[in-house]
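Worksheet for the structure shown next.
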Amino acid sequence: MILLTGVTGTVGRLVAERLPAGEPVRLLTRAPRRTAAPARPGCEVVTGDFADPTSLDGALAGVRAAFLVTSDPLTHAHDEHFVAAARAAGVRLVVKLSARAVAEPGATDLITRWQRANEELIRASGLEWTFLRPRAFMSNTLGWARSVREEGVVRAYGSESAGATVDPRDIADAAVLCLTGDGHAGRAYSLTGPRAISAAGQVAVLSGLLRRPLRCVELTWDQAYERLLARYPSAVAAALMEGAGRQRSGAKTRVEPTVERLLGRPARSYEAWARGHLGAFRPGPGGAEGGAEGSAEGSAEGSAEGNAEGNAEGSA
């Protein structure tokens with residue numbers, strides 16, 4: 001039995017869809033009514049909350065491997081509760097969604113420190129582990145969908161600074177491989193796209209695919225920070241701005257070959273991701289909102305790794 005957490009977020013949902021049909025799967029969620037199990041035999045949805053350790057015990061019974069996604073950088077309790085329950089249940093392997101910045105000494109913001117501490121907790125637990133460390137999700141640009149549809153504008157901080165963003169589908173494919181295959185325990189995999197691209201470059205790709213002129217408007221630091229404060233606690237907003245500042249300094253341009261080595265194919269490009277999500281950016285009633293899956297407008301959030309399920313599904 002494989003247990004998946006984060007199944008209402010970007011990567012967890014994709015992992016659930018991609019696991020082999022013959023693999024029994026259990027989806028852990030606080031909101032079962034919002035969680036649709038994939039149409040496949042051997043898949044069940046159970047209620048659980050990282051903040052409630054007793055709710056995790058039954059969910060982990062009989063589980064051999066778990067995909068762990070936590071999203072609140074203001075507490076370590078969620079990872080602590082899950083690891084304790086996993087050990088008690090006899091879980092063998094935890095595949096943890098972390099962040100590329102964990103391996104970068106210059107990244108010292110709150111979210112990165114939180115991810116580092118969570119990795120150390122799992123290393124010390126006695127469980128087998130695999131860490132997936134993605135750079136920013138390409139899907140974060142869904143946060144631009146409304147302004148693209150309604151105004152033909154993207155507002156971004158550091159719009160010319162590039163980052164090696166990664167398609168969440170590639171992260172999910174790597175997670176499935178690690179959950180179902182051998183030889184990945186004790187490994188940390190840095191996951192990026194095939195090239196570094198800036199917010200302005202992403203806007204240019206969208207403009208070409210939509211066959212519509214789009215403008216990229218540069219935000220000041222204060223404007224970007226105020227937008228983040230409207231959605232996040234001040235400590236998290238400050239951490240996201242630190243991550244954006246690191247991107248402006250060129251710290252997030254490195255392309256890793258890991259996706260191709262793991263999956264035997266090239267990492268998907270931003271253009272490939274955008275082709276599959278153009279409906280979110282097209283004007284008119286057919287346009288999807290998209291913002292729930294991405295982050296708010298601006299590369300201040302778009303440069304923070306992940307940010308799909310909550311404050312950080314992989315960060316900075």
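What number, rounded to the nearest 500 deg cm²/dmol, is the helix-based mean residue ellipticity at 222 nm of the chain, given -39500 (n - 2.57) per DSSP H run of at least four residues and division by all its residues?
Mean residue ellipticity at 222 nm (helix-derived): -10500 deg cm²/dmol.
Need one word for segment 184-280: rounded, prolate or oblate. Basis is the Cα gyration tensor (sqrt eigenvalues a ≥ b ≥ c); a/c below 1.5 gives rounded, then a/b vs b/c decides.
Here segment 184-280 falls in the oblate category.
From the phi angles alone, apply the Karplus equation (6.51, -1.76, 1.60; θ = phi - 60°) to segment 118-132 and give each ³J(HN,Hα) in whole Hz, x where the residue is Gly or Pro.
With coefficients 6.51, -1.76 and 1.60, one gets 5, 4, 5, 4, 5, 4, 7, 7, x, 7, 6, 9, 9, 10, 9 Hz.
How do 261-268, 243-250 rank on mean C-beta neighbours within 10 Å, highest first?
Averaged packing, sorted descending, gives the order 243-250, 261-268.
Once you place label points 7 Å from the Cα toward the Cβ at residue 187 and residue 278, how far apart are they in nm?
If labels sit at residue 187 and residue 278, their model points lie 3.6 nm apart.
Mind checking which of 168, 257, 213 has the largest fluctuation in a GNM of the chain, springs on alpha carbons under 10 Å?
213
Taking H placed 1.01 Å from N in the peptide plane, check which residues at least 5 places from residue 130 or on another chain put their amide H under 5 Å from its amide H.
Distant-sequence amide H within range of residue 130: 94, 95, 96, 186.
To the nearest 0.05, what FRET efficiency results for residue 218 and residue 146 with a Förster distance of 22 Å applied to their C-beta separation?
0.70
Suppose the chain between residue 33 and residue 74 were pulled fully straight at 0.36 nm per residue; how much longer would it get relative to their current alpha carbon spacing?
Extra length from residue 33 to residue 74 when fully extended: 12.1 nm.
What is the fewest-to-most order of 241, 1 by other Cβ atoms lying within 10 Å of their Cβ?
1, 241
By how many degrees, between 0 and 90 and to the nearest 10, does the Cα long axis of helix 234-248 differ from the longest principal axis of the chain?
The two axes meet at around 60 degrees.
Using a Förster distance of 35 Å, how high is the FRET efficiency between residue 211 and residue 160, based on the Cβ-Cβ distance and rounded to 0.05?
Efficiency for this residue pair is about 0.90.
At 7 Å along Cα-to-Cβ for each site, give me the label-to-label distance between residue 21 and residue 254 in nm.
If labels sit at residue 21 and residue 254, their model points lie 4.2 nm apart.
With a 10 Å radius around each residue's Cβ, average the other Cβ atoms per peptide and rank 2-12, 190-200, 56-66, highest first.
Descending packing order for the listed peptides: 2-12, 190-200, 56-66.
Read-outs throughout are calculated quantities, based only on the coordinates presented, and are distinct from any laboratory measurement. Fair warning: this is a prediction, and the values are worked out from it, not measured in the lab. We place every Cβ from the backbone using ideal geometry, glycine too, and count neighbours over all the protein chains shown.
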